[in-house]
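Comments concern the structure below.
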Amino acid sequence: MSSTSRTKRASDTHLSTDLPHGQLGRGALVLFALAAYIPAIGIAIIPVAMLPYAGYGSWLSTAVAALATTCIGVGVSIFARRYVAGGSLYSYVGEVLGPVPRYIVGGSLFVGFIIFMASTTFLAGLFFGSALTSFGVEAGLDKRMLVLIYVVLIGLTAAIVYRGLDTSVKAAVVLAAISIPLVLLCAGASVAATGFEFDRQFDFANASWSGILLGVAVGSAFLYGFESSSSLALETKDPKKNVPWAIMCVPIGLGTLYVVTTLVSVPGLMQGSDLLKQGVSGPAVLASVGGLPTWIGSASDIVLCIAAFAALIGFANYGARLFATLAKDGLLPRVFARVHSRHQTPFAAVMLLLSAALGLLLIVLALASVIELLTLWGLAIAFTWSIPYLIFSAAVLTLLYREGRLKIKFIIPTVIGAATIILVVVSNLITPFPWPLNTVVYIVLVVIVIVSIVFATRNRKRGK
């Protein structure tokens, strides 16, 4: 099949939707992509989440995660410069590898967005509940209180996303900007008091490589899904130029930021490890080590809740566009492909995503402790996105081979990205997390298989 005919087939199917064109400029798209990746929470949580596994090597875990996603991003940018798609990796893979890989990637991303929204809602509720307890509300972290907070957060997210993309961009960017300065202040005060301890952080002789790879699996959750901004291509001005910028700003920009802030934060977290064991949040520990006033810790919980809310707005928009594309292709009921006549929002898809995320969150909250959930969500996101990334790596090499452009400068990053993901997955299977966290990868895999089979069955029936 010629390149022209393949492109025509794509524009007739999953590489087009009924969404409006040309609303977002490069600046707005890039800022929205950064805001959706909750930089404040990444700064605050990544070092804490990696510390039990990677210790002083946590910065290296962050660097490996950033490198892997940057390498995958090179391939995503190749597709984004060629195709204007509403389904992100699902659309790209379907164009090159055919229906079966497309079902698997579609099923993985469908599950992945629900998990991401559930985990982000959990984090927002956790920080808000923690802030309530610091203000004297003893039931702030009670599960019943958390459920109420989750319902309110989901409702507010739906209301903002309903108002359209312009409202979502403004709200997310402003909320993200508000949340960053305070967590940076806590980290800065801590390193001023402790120093960088480079002798320990760069002592690879005592590094636990299995622990570092476990840290990569947890930390990847804050970067995986970085390509989701490509789902807004149909609503972006000059998308073939501007979407690649948004795609790469997350792994390069935020990846670099997270490596630096992990280097800055780990010495203070090590010194304040007793406070961490008592359940004190990372920024509050750093504030204490740095000698900042005690109210800083309470304030940091509030701004982290704000940051998580910004991410909810961003990924509700991304996920809804994917769901709408799946519906247009017949893999979901057609009702989810409809857009609101006034605000041009695929609101039925938004409600499907938010209700599914809330339902998943309530189920998991009933089965696991709050502490277990902090790591559980990260693992679920990392393993869910690993499947699409590996399949997509094959799609990149296939596309370039067909075009006669399979060059070393493209092969190397694609292979490095895929190999890193395989290494992390295999390492975590060989040296698994303790129970029940070690069951996450298998549960995720089973659910993805079921969803992919459902998609394939629906498509076959539609073909008949």
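Summary table
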{"quantity": "Residue count, the stretch 154-179 (criterion: surrounded by fewer than 16 Cβ atoms within 10 Å (Cβ to Cβ) and aliphatic (A, V, I, L, M))", "calculated": "4"}
{"quantity": "Hey, Gly195 at negative phi, small (Gly, Ala, Ser) and either at pLDDT below 90 or out of contact with any Cys (no Cβ under 6 Å at 6 or more places or on another chain) (or both) or not", "calculated": "no"}
{"quantity": "Those helices (runs of 4 or more DSSP H) lying entirely in the stretch 171-283 with at least 1 residues within 20 Å of Asp301 (Cα to Cα) and free of Cβ contacts under 8 Å to residues at least 40 places away in the same chain", "calculated": "273-277"}
{"quantity": "Criterion violated by Ala337 - all others in (1) farther than 18 Å from Ala40 by Cα; (2) modelled with pLDDT of 85 or more; (3) of a type in the set (A, V, I, L, M) satisfied", "calculated": "(2)"}
{"quantity": "Residue list for the stretch 391-408, filter: farther than 22 Å from Leu109 by Cα, touching a helix residue (DSSP H, G or I) at 6+ places or on another chain (Cβ under 9 Å) and assigned to a helix (DSSP H, G or I)", "calculated": "Leu400, Arg402, Glu403"}
{"quantity": "Boolean, Ala158 is under 28 Å from Leu379 (Cβ atoms), within 18 Å of the chain's Cα centre (by Cα) and either assigned to a helix (DSSP H, G or I) or acidic (Asp, Glu) (or both)", "calculated": "no"}
{"quantity": "Residue within the stretch 271-294 that is on the phi > 0 side of the Ramachandran plot and modelled with pLDDT of 85 or more present", "calculated": "yes"}
{"quantity": "Residue check for Glu138: of a type in the set (Asp, Glu), touching a residue at least 24 places away in the same chain (Cβ under 8 Å) and out of contact with any strand residue (DSSP E or B) (no Cβ under 6 Å at 6 or more places or on another chain)", "calculated": "no"}
{"quantity": "Selection within the stretch 70-118 - of a type in the set (S, T, N, Q), farther than 15 Å from Gly225 by Cβ and under 18 Å from the mean Cα position of the chain (by Cα)", "calculated": "Ser77"}
{"quantity": "Scope the stretch 433-464; condition modelled with pLDDT under 85 and surrounded by fewer than 16 Cβ atoms within 10 Å (Cβ to Cβ); matching residues", "calculated": "Pro434, Trp435, Pro436, Asn438, Thr439, Arg460, Lys461, Arg462, Gly463, Lys464"}
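Each row is one residue, and each column tells you yes or no for (1) touching a helix residue (DSSP H, G or I) at 6+ places or on another chain (Cβ under 7 Å); (2) surrounded by 24 or more Cβ atoms within 10 Å (Cβ to Cβ); (3) in contact (Cβ under 8 Å) with a residue 40 or more places away in the chain; (4) aliphatic (A, V, I, L, M).
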residue: Ile43; (1), (2), (3), (4): yes, yes, yes, yes
residue: Ser61; (1), (2), (3), (4): yes, yes, yes, no
residue: Ala68; (1), (2), (3), (4): yes, yes, yes, yes
residue: Ser91; (1), (2), (3), (4): yes, yes, yes, no
residue: Val100; (1), (2), (3), (4): no, no, yes, yes
residue: Ser119; (1), (2), (3), (4): yes, yes, yes, no
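The values are calculated or read from the model by the stated rules, or taken from the named source; none is laboratory data. Remember, it's a predicted structure, so these values are computed and weren't measured experimentally. We place every Cβ from the backbone using ideal geometry, glycine too, and count neighbours over all the protein chains shown.
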